[in-house]
1. Run the numbers on the chain and let me know its relative contact order in percent, using alpha-carbon pairs under 8 Å that are six or more apart.
2. Could you derive backbone 3J(HN,Hα) for region 369-379 from the dihedral phi with the Karplus parameters 6.51, -1.76 and 1.60 (θ = phi - 60°), listing whole Hz in sequence and x where the residue is Gly or Pro?
3. Please give the residues of region 306-326, grouped as numeric ranges, whose backbone N is less than 17 Å from a label point set 7 Å along the Cα-to-Cβ vector of Lys414.
4. Please list the radius of gyration and Dmax for region 81-170, considering alpha-carbon atoms only, with Å as the unit.
5. When you have a sec, figure out the Kirkwood radius of region 418-457 from all distinct Cα pair distances and drop it here in Å to one decimal?
6. Can you give the convex hull volume of the alpha carbon atoms of region 81-231 per residue, in Å³?
7. Keeping all protein chains in position, work out how much accessible area Met331 exposes to a 1.4 Å probe, and write it in Å² to the nearest 10.
8. Nearest 10 degrees is fine. How inclined is helix 150-161 to the longest principal axis of the chain, computing both from alpha carbons?
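The values are calculated or read from the model by the stated rules, or taken from the named source; none is laboratory data. Here the structure is a predicted model, which is why all the values come from computation and not from measurement. Reconstructed Cβ throughout: ideal geometry from the backbone, glycine too, with neighbour counts over all protein chains shown. These area figures cover heavy atoms from the full protein model, side chains too; ligands, DNA and RNA do not enter into them. Shrake-Rupley method; radii C 1.70, N 1.55, O 1.52, S 1.80 Å.
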Amino acid sequence: MFTKETYINRRNLLKSKFKNGLILFMGNDECGMNYADNTYHFRQDSTFLYYFGINTPGLYAVLDLDTGNEIIFGNDHTIDDIVWMGDMPSVSSLAEKCGISKTATVDKLKPYLKKSNNVLFLPPYRPEHRIKLFELLKIHPNELDEKANLNLIIEVAKQRNIKSEEDIIEIEKAVNTTVVMHRTAMQYAKPGMTEAQVSAKVTEIALAENGQLSFPVIATINGETLHNHYHGNVIKEGQLFLLDAGAETALGYAGDMSSTFPVAKKFTPEQRDIYEVCFEAHNAAIESLKPGVHFRDVHLNTARIIFEGLKDLGFTKGNTNDAVANGAHAMFFPCGLGHLMGLDVHDMENLGEQWVGYNGMAKSKQFGLKSLRLGMELEPGHVITIEPGIYFIPQLIDLWQKQKINTEYLNFDKINQYRNFGGLRNEEDILITENSYRILGEKLPKTIDAVEAQREIAFS
């Protein structure tokens, strides 16, 4: 945990935005994988962590705007719990660490909430939260999203979006561990291994730092599948290997990086060509970052660079600006350029991308652009990812060719020659500073020469 003053200040800032009522925060519970006592790794709700810092299941918190009371609701462990888990801190001792002096048992929560007709809560993302909110507030689970307090969503998003120095230090810890994960994969993966072996190797690094993975590892020779969590393939000489993996610190802060390397000492000429186009777009996107820049514009400019680079290689044709406006680039780049990052690897997306990443503006419905998770002006304190990619997706190629989509901008004869190419991307984590940007963490090998130098180690 940070110091108690950090959590006190965070709560005071939030409370200053509201006049009356009760703000209810729900911590997460343990969740059974296949029966109740065999649980998944516990992960506390990130907003609960942000305002209270307590990484313990079964807790609730209320900020009473009418009386000024701040209360943690939870039950102390019984002797049966202690027999299995050892001595556990009391709820009151946990509350004291985040600057709260009042605690109560969980059975006191419902009567406390009943005294107010203005209970503010965030939209639930776990089924058990929907059931609990129904029991506490008598709001049908299907109505909870619309009954969640929009002003609370907006104020929490504004506050969490601007990272403090403490936040940045923790994020950078996660990023540094993440860089080690990617370097290790580059130095380790060899033909004949399985994707699962590479995934296990990078997972080991995150766990050894007393942390966790910030999301399930993507370690694949089928990089055209954007979130590919299948690890059963044997990797072979001449293929491309895409790793998208990140570490999470003990305090819950995330790193998120991607790298692409050959399952060989060197890239093939074809791989080099595509990699260089993506690399140019990656660097241009980073160099354009600063406060006041609209991230949607950065995304679209990146799309133009990718389209133009692929035009030089014969994959695309026609006017680049018209092609991107029509979404033709999404044949190769069907996802967003990046997203916010912090206590969540996709920060606060459970609160709604429209409010967290778009400042209330509507998202595009165009294929490709609709997947852009961040579409607002950048501010100092934002932490974002930059992750352009180039993907050859056979099913998408076939669909667009059959339906004659963007045929004036796409050379399908050339594209079909690369239908089994796979996909590639590089990804780095960036802090927006007062006047510019800073790439967080140690340097990730990303030039062709740097990546191939790592691959030499794997074969030495």
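1. So the answer I get is 15 percent.
2. Rounded to whole hertz, the list is 5, 5, 8, 6, 7, 10, x, 9, 5, 7, 10.
3. 306-324
4. 16.9, 44
5. About 12.8 Å for region 418-457.
6. Dividing the Cα hull volume of region 81-231 by its residue count gives 215 Å³.
7. 0 Å²
8. On a 0 to 90 degree scale, this one is about 60.
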